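Everything below concerns the one structure shown next.
The values are calculated or read from the model by the stated rules, or taken from the named source; none is laboratory data. Computed from a predicted structure; not experimentally measured. Ideal geometry is used to build each Cβ from the backbone, glycine not excepted, and the neighbour counts take in all protein chains shown.
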Amino acid sequence: MEAFKCIIRTSRARLGNNKLCELSGKLADRMAGRITKGKKPTVESVEKQVSSILSGQHMKDLIKPTLTEHNNFPSLTYSLNDKAYGELSDTYLGKNIIITDNHNWSTEEIILAYRSQYIIEDTFKQMKDRKIGSWWPMFHWTDRMIRVHGLYCSLSLLFRALIMKRVREAGICISMNNLHRKLWGIREVLNIFPKGKKKQVTQSVVSKMDEVQQRLFDLFKMERYLSS
C-alpha cells in the first residue's frame, strides 16, 4: 500500500505537521512490512501520540487528523483547516508595528535590530545570575563604591562576551554557564617528588580533560600559564 502523503502545505510546515508526517510515514512503513521490529502500534496508542503532537495552542483547531485502520494496522492522514488558519491570522496573530527614529536604516536593518533584543535580554540575565553574574552580591552602600563596582562588573561582562565570541568563532557550540563549568574544571596539578634532603623535584600536569575542555585549552593557549 502506498505511503500516505502529507497534505499540509510546505510553507506552513512549522505548524507541527513535521511530527505528524513522520508518524504517518512510520505507520505506512509498518503496514507495508518495511518496519517489523518493535511493538505493533494500535489505534489507541496512535491517538495518544497525535494528541501529544497537537497539544500546542490552536494546533487542534488548525490541523485535522484522520485515523483509520486497515488489516489491523492504523494509518494516519491529516489536513490543514484553511478557514481556521485565516481566522486566526486575521484576529489573534495580528501584526507588529516597528517604529524607529533611525530614518537612514533600511527595512532589513530595522528588523534585524528589533530581533536582536534577545542579546540585551540575555546580557541582563547573565548579570542577575548569582553563579556566573558579576553584579550580585554587592557589598557596597556609597555611590562612589557602587560606581566602581558597576565599572568592573561591566568589564567582566565585556571580557566574557569576548571569550564567548572566540569560542563561537572556533565552532564550539556551548552556553555561557557550560563554558564556565568547562573552564573551571581545567586544573593544574603540581606533583612534588622528594629528592634528597635539600632539593625537591616538581612536575606540573593538567587534570584530565574531555574533548571540549581540550579544545578550549588549545584555543586559549593555556599551556603558557603552566608552571615551568
>> Tally up the residues in the range 135-149 that are surrounded by fewer than 12 Cβ atoms within 10 Å (Cβ to Cβ) and either over 37 Å from the mean Cα position of the chain (by Cα) or hydroxyl-bearing (S, T, Y) (or both), please.
In response: 4
>> Six or more apart or on different chains, Cβ atoms under 7 Å: show the pairs whose first residue is in the range 44-62 and more than 16 Å from E22 (Cβ to Cβ) and whose second is at pLDDT 85 or above and small (G, A, S).
In response: D61/A84; L62/A84
>> I need the full set of residues from the range 171-228 which are in contact (Cβ under 8 Å) with a residue 24 or more places away in the chain and either small (G, A, S) or in a strand (DSSP E or B) (or both), in order please.
In response: G185, E188, L190, T202, S204, S227, S228
>> Criterion first (surrounded by 10 or more Cβ atoms within 10 Å (Cβ to Cβ) and closer than 30 Å to P41 by Cβ) does A113 satisfy it?
In response: no
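One line per residue, one yes/no per condition, for (1) among the acidic types (D, E); (2) assigned by TED's automatic domain parsing to the domain that holds D129; (3) touching a strand residue (DSSP E or B) at 6+ places or on another chain (Cβ under 7 Å):
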site	(1), (2), (3)
R166	no, yes, no
G171	no, yes, no
N191	no, no, yes
P194	no, no, yes
V212	no, no, no
L219	no, no, no
> List pairs: first in the range 113-140 and over 16 Å from M164 (Cα atoms), second among the charged types (D, E, K, R), Cβ under 6 Å, 6+ apart or cross-chain?
Replying inline: W136/R130
>> Can you find a residue that is touching a helix residue (DSSP H, G or I) at 6+ places or on another chain (Cβ under 9 Å), surrounded by 14 or more Cβ atoms within 10 Å (Cβ to Cβ) and among the basic types (K, R) anywhere in the range 161-178?
In response: no
> Counting just the residues of the range 34-54 that are of a type in the set (S, T, Y) and either under 15 Å from K64 (Cβ atoms) or not in a helix (DSSP H, G or I) (or both), which one comes out nearest to the chain's Cα centre (by Cα)?
Replying inline: S51
